[in-house]
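*Asks:* One structure follows; several queries about it will come next.
Read the figures in this text as sums done on the coordinates, not as results from a lab. Predicted, not measured: the structure shown is a model, and the values here were computed from it. Note: ideal-geometry Cβ built from the backbone for every residue, glycine included; neighbour counts use all protein chains shown.
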Amino acid sequence: MAAAAAGGAAERAAMAGARGLLALLAAALMFAGAVLGAEDRPRLVGAPIDVDDADNDEGLQRALQFAVAEYNKASNDMYSSRVVRVISAKRQIVSGIKYIMKVEIARTTCPKPATDLQSCAFHDAPQMAKHTICNFVVYTIPWLNQIKLLDSSCQ
């Protein structure tokens, strides 16, 4: 009789534990739904975030200058190219900072190697003007003064 009572108590405790677990799971799912449905939902830590003001973001501008310099080094064009506009830019915090950029670049009137690209005008003549859309991924560790072009693809 004592064994039956002990078995019943264990069974009731297991049922109570299962109900508690279900209630906790339901609460967690409701919380997750509220978070995912929220308009101003929090960003995931480490996820890429948009750079809203690309022209005034110092880190992005350094990464972009580096990417364009690497593009110009690898290019067979006798003229240097520079950025016309930033189409999109994202920053991702990893073990450093990864910049993911989509930009429009164009051929300038400055022959390679140009030292100050910002003072170089774009070619006006249709046969000389060349506009290209490029995707660059630059990884930088500012506190170690390291920078690397991870990906460069232009069309």
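*Asks:* What FRET efficiency, computed as 1/(1 + (r/R0)^6) with R0 = 25 Å and r the Cβ-Cβ distance, is obtained for Asp116 and Ser88, rounded to the nearest 0.05?
*Replies:* 0.45
*Asks:* With 18 Å as the limit, write out which pairs from Lys73/Lys148; Lys90/Lys130; Lys90/Lys148; Lys98/Lys130 have Cα-Cα distances beyond it, or answer none.
*Replies:* Lys90/Lys130; Lys98/Lys130
*Asks:* Within 13 Å, Cβ to Cβ, of Lys130, how many net charges do the neighbouring residues add up to if Lys/Arg are +1 and Asp/Glu are -1?
*Replies:* That sum, taken over residues with Cβ under 13 Å, equals -1.
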